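The values are calculated or read from the model by the stated rules, or taken from the named source; none is laboratory data. Worth saying up front: this structure is predicted, and the values here are computed from it rather than measured. Heads up, the Cβs are rebuilt from the backbone with ideal geometry, glycines too, and the neighbour counts pull from every protein chain shown. Accessible surface areas use protein heavy atoms only, side chains included; no ligands, DNA or RNA. Shrake-Rupley method; radii C 1.70, N 1.55, O 1.52, S 1.80 Å.
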Amino acid sequence: MTDPVLARLQSDRTDIVARLRALVAAPSVSTDSAYRDGMAAARRILLSRLKESGFDNVGELDAGGHPAVYADWLGAPEAPTFLVYGHYDVQPPDPLDKWDSPPFEATERDGRLYGRGVSDDKGPSSIALETLAAFLSVEKRLPANVRILLEGEEEMGSATLPDLCRRFSDRLVADAVLSADGARWRADLPSVNVGSRGNSGYEISLRTAAKDLHSGRFGGAVRNALHEMAALLASLHDADGRIAVAGYCDGVEDVGAEERSRVAAIPFDEAAFFEAIGSQAHGEPGYSTLERLWNRPTLEINGMWGGYTGEGAKTVTPAEAHAKLTTRLVTGQDPAAVGRALEAHLRAHCPPGVDLTITENHAGTAAYSVPPDHPLLLAAEGAIEATLGTAPVRVRVGGTLPLSDIVRRTLGLDTVMLSFSTADEDFHAPNEFFRLSAIDEGLAAWVHLLRTLGTQSPEDYAPFRHAPAGSER
């Protein structure tokens, strides 16, 4: 017999897609102030949908940046409480000329819906919201208590989320976080994400003279800022790609035999992986590609510039050079300690007569792992297996979900990800898309999960509650 809530969702599928299209049409780019009206438009859509769905306390939570959207339903005192998370902000659409259809007009092609933010994270968030709304419509209640938090700054590093969690901690009391963000690893393999790497970001600048100089009159007699930057950045790794910064990997837990065996058993076509991106394997010796992506730290150069980059030639010896760096951190690494090690290395390798400026773009997020026996994780795995017919493999995310570390520190909560976007859907790039089949899979899985959560007790989560950082609990 078909679940009545799932039956409602299946009959409402056309309208669900239409509402997703309308949300994609709101250009909610958080990092660019030119899109402020688009951010407000997305919030209005979400607030209206939550109110008409029957949630309580619908409104905005503001901690000084882009406000978050909040709502709750707390009518099941015998059941656990879950903070359901998503984000409504999206990446900039640039470069616009690389899109095959307008980025803020959701366009269907070959079973896919194309548009900026449709996969990251408006499609997955909509699946969660539509499922919750269907329960309230059909059964006038939810199986468990739910608080909804839709962030507006995830794509710019969740800058004010820590302050928001502390300021509104009484509105965010829960037993665990259920995230609609955090894409599936592959479309052909059921999986559940059990952890993510942390990160931090820096910008460095070098100055070798008071101004750019004529390369004929001064070349060979003064330092070239770009030459010095190239040498400084090259010092960060050895020839094999191993990080060469002293102290950078302090605290890193080596991948144990059991974990290496588990990762090795995951079906993975390495040749096809690199062929798809037109590249070849390279990185820290002694580790497989998946181990490098999930279990080892990185130090990446994201951009470097200086001198003349326009059309034609300009014979100058540049006086300034700049670069942007980001880290990906693993369990055991302290972002602040990593930052100190990196700064010490850069200063030690910067030659005399060169001025070095280091700017921290964001303070850093630690790596996160969900406890392997967490009841929400087990319930999510059961929902995926019931929906897709195969037990999911546990994988990690090479990227960073700031939420997981932030809510662990500020609220003492663990996070489990149940997203139905997929890592190959070109989010952050032109022609981002969302598989329409994921809507059907996601709705079924969320219905199954919520039914399961309704059978649990708050006591099931007691062993997994943590004291927030700085708390005396």
So, Glu381, is that one open to solvent by less than 50 Å² (accessible area, probe 1.4 Å), charged (D, E, K, R) and under 21 Å from Val84 (Cβ atoms) or not? yes
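Would you pick out the residues in segment 122-178 that are among the charged types (D, E, K, R) and part of a loop (DSSP other than H, G, I, E, B)? If you could, list the steps in order and put the result at the bottom.
Within segment 122-178, the subset among the charged types (D, E, K, R) is 122, 130, 139-141, 147, 151, 153-155, 163, 166-167, 170-171, 175.
Within segment 122-178, Lys140, Arg141, Glu153, Asp175 meet the criteria.
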When you look at Ser205, is it of a type in the set (S, T, N, Q) and either in a loop (DSSP other than H, G, I, E, B) or more than 24 Å from Arg409 (Cβ to Cβ) (or both), yes or no? yes
Select from segment 215-241 the residues that are at pLDDT 95 or above, aliphatic (A, V, I, L, M) and within 20 Å of His345 (Cα to Cα) and list them in ascending order. Ala225, Leu226, Met229, Ala230, Ala231, Leu232, Leu233, Ala234, Leu236
Given the options Thr331, Thr315, Thr357, name the one that is within 27 Å of Met417 (Cα to Cα) and touching a Ser or Thr at 6+ places or on another chain (Cβ under 8 Å). Thr331
Subset of segment 336-367 [modelled with pLDDT of 95 or more, of a type outside the set (A, V, I, L, M, F, W, C) and within 26 Å of the chain's Cα centre (by Cα)]: Gly339, Arg340, Glu343, Thr359
What number of residues within segment 119-172 are at positive phi and either surrounded by 20 or more Cβ atoms within 10 Å (Cβ to Cβ) or of a type in the set (Val, Ile, Thr) (or both)? 2
Working only within segment 3-20, note down all residues that are of a type in the set (Val, Ile, Thr) and open to solvent by less than 80 Å² (accessible area, probe 1.4 Å). Val5, Ile16, Val17
So Gly182, is it closer than 30 Å to His374 by Cβ, open to solvent by less than 20 Å² (accessible area, probe 1.4 Å), part of a loop (DSSP other than H, G, I, E, B) and touching a residue at least 40 places away in the same chain (Cβ under 8 Å): yes
Looking at segment 70-88, is at least one residue touching a residue at least 24 places away in the same chain (Cβ under 8 Å), more than 30 Å from Thr455 (Cα to Cα) and of a type outside the set (Phe, Trp, Tyr)? no
Take the residues in segment 234-261 that are of a type outside the set (A, V, I, L, M), within 18 Å of Arg197 (Cα to Cα) and not in a loop (DSSP other than H, G, I, E, B); name whichever of them is most open to solvent (accessible area, probe 1.4 Å). Arg260
